[in-house]
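**Student:** Take this structure, written in structure tokens, and hold onto it; I'll ask about it next.
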Amino acid sequence: MSGFVGIAGTPLDLGSNKESVKEVGRSKEGNNPNLGVLVSMMDRIVHRGPDAAGIYADEQVALGFRRLSIIDLSENAEQPMSNSLEDDTVVMVCDGAFNNHLELRAALEQAGHRFASKTDAEVLLHGYQQWGSDVVQKLRGTFAFVIYDRTKNILFGARDFFGAKPFYYTRLANGNLLFGSEIKSFLEHPSFKKELNKEALKPYLTFQYSVLEETFFKGVFKLLQAHCFTFDLKTQEMNIQRYWDADFSQALPPSPNADRSFDECVDALDGLVRKSVEANRNADVKVGAFLSGGVDSSYVVSALKPQKTFSVGSDVEGFDETVQARELSEMLGIENHRRCLDPNECFEAFSDIQYHLDEPASNPSVLPLYFLSQLAHEHVGVVLSGEGSDEFFAGYAEYKDTRPVKKYKRVVPSVLRRGLSTLVGPLPHIKGRAFFRRGSGRAEDYFIGQAFIFDENEARAMLKPSYRKAPSVKEITAPIFKRVAHLDELSKKQYLDLNLWMPSDICLKADKMTMAHSLEMRSPLLDMSLFEEAQRTPVAHRITAENDKMVLRTAAARTIPAAWADRVKLGFPTPIRAWLKQEQFSQRIRELFASEMAAEFFDTKKLLALLDGYNKGIDSNGRKIWTAYTFLVWYERYFVEETQPHLAEKATFAAEAV
């Protein structure tokens, strides 16, 4: 994996150097004055690729690449890459890994294509030549890429099905397209105007992550998961479209999948998991695995059997799975490396963590993931992890009804339940509102995903007037639910999480925290073949009376002990609430909440009241405090401290490119 940056348009805008770009071709030289802006952008993301660097530039496109060498460590695999053995008309930058690259390579070679390397990324280059934009339908893996088609005079780019790899873009004042793996690289372009997107803050306070397509940087957008684009270099028109969508209706009548037996689903899934793990072990560097005490990572480790596993925990009771991780590693004869979280280290590193995330993200699990990645990087170049199964096979507690809700649904007719939900919907303070809405059986009435921090009205009251204007929660979720109005309640929840929670929280933090330490992470459970199986799994098999994601748990129990297969999900538990009770950390947050900077966004009296109420034990607003604190730390890093590039993040391109 790696990172890329790019600028496209006519005339090409490279700031003060724009008049002198004459060079056509690929350059590894870091002292080319014509490409100084591109070099600076690449320096910003050196952590994504410290092993090599490359540039392609002509009079309308400039591409920069930072490489993390994983498959084919030779110079032949470096990017930007062109089809130099053929007609040299296509140039590519790609961040990702393709599980089916060997099959694609065989098919392309049979069709007459000539490969210059053994790297998996080259199948994308020749695949585009062979199939055009349809190549995205043939890829299996994680990816974000841009292909410069010099014959058609266009750029074609795409992001993978589930949003595992990031892709950001913006338009400069002259119409040029600026794009890359991380937003921070844009800060180096002299024509990029850094401005806070005021509409992003209110939804963030509810969802805990950046939920809008437009990021916290005004005018900077995410290319959404499962979307591709074409940029016409002559007209500077950009066309974006969705190339794939999930389809849970495959498990509903009249589809024959609706009658599949539980055992049939388990057999199919177990075979697919093993095949995916085997495909993901392919690398020319050492491969290890993250390991918690849960079923997902345990299943992956039992199938992979790496030499090393890596775990992180805490000395706070109830927040440590390293004991179970060590026990399973010992059973499998694997060397387990562990680290205990130090709250002082976590608070000191938190500004750097938010810097690497690009946008504020208050999921507490970013902390252990950051230090876990640091630990793993000391031993291996690639780690396998367990992301994906909860969204695919229904593994979250929020997918299940409580006993009272189950009884309510059995006793009260659906028409009456839905009527009551509609009646109490506009009455946020009525007692029992949440119960009646959840009991409606309509996910769109109450479900927004796996995180719910500030109630929407509470968030509005917490903010200054100029930050209250933003899309409502309903406006964000309704268009997604509308696409699956025909589905059952559980499938609707999974579909929403696939479109919001997975790409903008789970996948984002996994990519950014591992790449912060130049570590490639692969998620064999986040594979299209497994999702295709999930789409065919009847709803009754996903959650049963025994447990959630029962098909996967049962498949895993064939290779790991029942205690691991049945264990309740914890998911990188982080004792934020306990740490906030400690005076040194509470005081740090208090100072930030009382600052003039905080007063720009928040009613600081209300912020401080949250903190006081929590410290006195009156309420349990720890996550609300952490979410507001996270935003302020992020803003301070990017809009107060970021008056000039951080020297710690900069790198000498010429030295790295040698």
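The values are calculated or read from the model by the stated rules, or taken from the named source; none is laboratory data. Being a predicted model, the structure only gives us computed values, none of them experimental. No Cβ is skipped: glycine too gets one built from the backbone with ideal geometry, and neighbour counts run over all protein chains shown. The accessibility values were calculated without ligands, DNA or RNA, using every heavy atom of the protein model including side chains. Shrake-Rupley method; radii C 1.70, N 1.55, O 1.52, S 1.80 Å.
**Student:** Kindly indicate the residue of region 231-258 that is under 16 Å from Pro11 (Cα atoms) and either touching a helix residue (DSSP H, G or I) at 6+ places or on another chain (Cβ under 8 Å) or among the charged types (D, E, K, R) (or both) and also least open to solvent (accessible area, probe 1.4 Å) among those meeting that condition. Show your work before the answer.
**Tutor:** Restricting attention to region 231-258, the residues satisfying the condition of being under 16 Å from Pro11 (Cα atoms) are 231-237.
Narrowing further to those that are either touching a helix residue (DSSP H, G or I) at 6+ places or on another chain (Cβ under 8 Å) or among the charged types (D, E, K, R) (or both): 232, 234, 237.
Values: Asp232: 52, Lys234: 173, Glu237: 124 Å².
Restricting to residues being under 16 Å from Pro11 (Cα atoms) and either touching a helix residue (DSSP H, G or I) at 6+ places or on another chain (Cβ under 8 Å) or among the charged types (D, E, K, R) (or both), the top hit is Asp232.
**Student:** Got a number for residues in region 416-468 being open to solvent by 50 Å² or more (accessible area, probe 1.4 Å), in a helix (DSSP H, G or I), more than 28 Å from Asp390 (Cβ to Cβ) and touching a residue at least 40 places away in the same chain (Cβ under 8 Å)?
**Tutor:** Looking only at that region, the number is 2.
**Student:** Report, by residue number, each residue of region 228-255 that is of a type outside the set (A, V, I, L, M) and in a strand (DSSP E or B). Full working, then the answer.
**Tutor:** We begin by selecting, within region 228-255, every residue of a type outside the set (A, V, I, L, M); these are 228-232, 234-237, 239, 241-245, 247-250, 253-255.
Correct list: Cys228, Phe229, Thr230, Phe231, Asp232, Asn239, Gln241, Arg242.
**Student:** Hey, among Ser385, Ser351, Ser389, Ser365, which residue is open to solvent by 20 Å² or more (accessible area, probe 1.4 Å) and not aromatic (Phe, Trp, Tyr)? Steps first, please.
**Tutor:** Details: Ser385 fails: open to solvent by 20 Å² or more (accessible area, probe 1.4 Å); Ser389 fails: open to solvent by 20 Å² or more (accessible area, probe 1.4 Å); Ser365 fails: open to solvent by 20 Å² or more (accessible area, probe 1.4 Å).
Among Ser385, Ser351, Ser389, Ser365, only Ser351 is open to solvent by 20 Å² or more (accessible area, probe 1.4 Å) and not aromatic (Phe, Trp, Tyr).
**Student:** Another question about this same structure. In this structure, does Arg542 turn out to be within 21 Å of the chain's Cα centre (by Cα), crowded, with 21+ Cβ neighbours inside 10 Å, of a type in the set (Lys, Arg) and under 21 Å from Leu272 (Cβ atoms)? Before the answer, list the steps.
**Tutor:** Values: within 21 Å of the chain's Cα centre (by Cα): no; crowded, with 21+ Cβ neighbours inside 10 Å: yes; of a type in the set (Lys, Arg): yes; under 21 Å from Leu272 (Cβ atoms): yes.
Spelling it out, it is not the case that Arg542 is within 21 Å of the chain's Cα centre (by Cα), crowded, with 21+ Cβ neighbours inside 10 Å, of a type in the set (Lys, Arg) and under 21 Å from Leu272 (Cβ atoms).
**Student:** Additional query: Given (1) closer than 25 Å to Asn99 by Cβ; (2) of a type in the set (Ser, Thr, Tyr); (3) open to solvent by less than 20 Å² (accessible area, probe 1.4 Å), identify the lone condition not met by Thr554.
**Tutor:** The one condition Thr554 does not meet is (3).
**Student:** Tell me which residues, restricted to region 53-68, are open to solvent by less than 20 Å² (accessible area, probe 1.4 Å) and either among the charged types (D, E, K, R) or under 21 Å from Ser373 (Cα atoms) (or both). Break it down into steps so the answer makes sense when it comes.
**Tutor:** Pass one, region 53-68, residues open to solvent by less than 20 Å² (accessible area, probe 1.4 Å): 53-58, 61-68.
Within region 53-68, Asp58, Arg66, Arg67, Leu68 meet the criteria.
**Student:** If Gln225 satisfies every condition in (1) surrounded by 15 or more Cβ atoms within 10 Å (Cβ to Cβ); (2) outside any loop (DSSP other than H, G, I, E, B) but one, which is the exception?
**Tutor:** Failed condition: (2).
**Student:** Please give the number of the condition Pro503 fails out of (1) in contact with a helix residue (DSSP H, G or I) (Cβ under 6 Å, 6 or more places away or on another chain); (2) open to solvent by less than 10 Å² (accessible area, probe 1.4 Å).
**Tutor:** Looking at each condition in turn, Pro503 falls short on (1).
**Student:** Does Val312 satisfy the condition of being closer than 19 Å to Arg338 by Cα and in a loop (DSSP other than H, G, I, E, B)? Steps first, please.
**Tutor:** Numbers: closer than 19 Å to Arg338 by Cα: yes; in a loop (DSSP other than H, G, I, E, B): no.
For Val312, the condition - closer than 19 Å to Arg338 by Cα and in a loop (DSSP other than H, G, I, E, B) - is not met.
**Student:** Between a residue in region 533-552 that is free of Cβ contacts under 8 Å to residues at least 40 places away in the same chain and closer than 13 Å to Val266 by Cβ and any residue that is among the aliphatic types (A, V, I, L, M) and open to solvent by 10 Å² or more (accessible area, probe 1.4 Å), which pairs come within a Cβ distance under 9 Å, given they are 6 or more apart or on different chains?
**Tutor:** Close Cβ pairs satisfying both conditions: Thr544/Met550.
**Student:** Could you list, in sequence order, the residues of region 100-116 that are open to solvent by 10 Å² or more (accessible area, probe 1.4 Å) and out of contact with any Leu (no Cβ under 9 Å at 6 or more places or on another chain)?
**Tutor:** Answer for region 100-116, where residues must be open to solvent by 10 Å² or more (accessible area, probe 1.4 Å) and out of contact with any Leu (no Cβ under 9 Å at 6 or more places or on another chain): Leu102, Glu103, Arg105, Ala106, Ala107, Glu109, Gln110, Ala111, Gly112.
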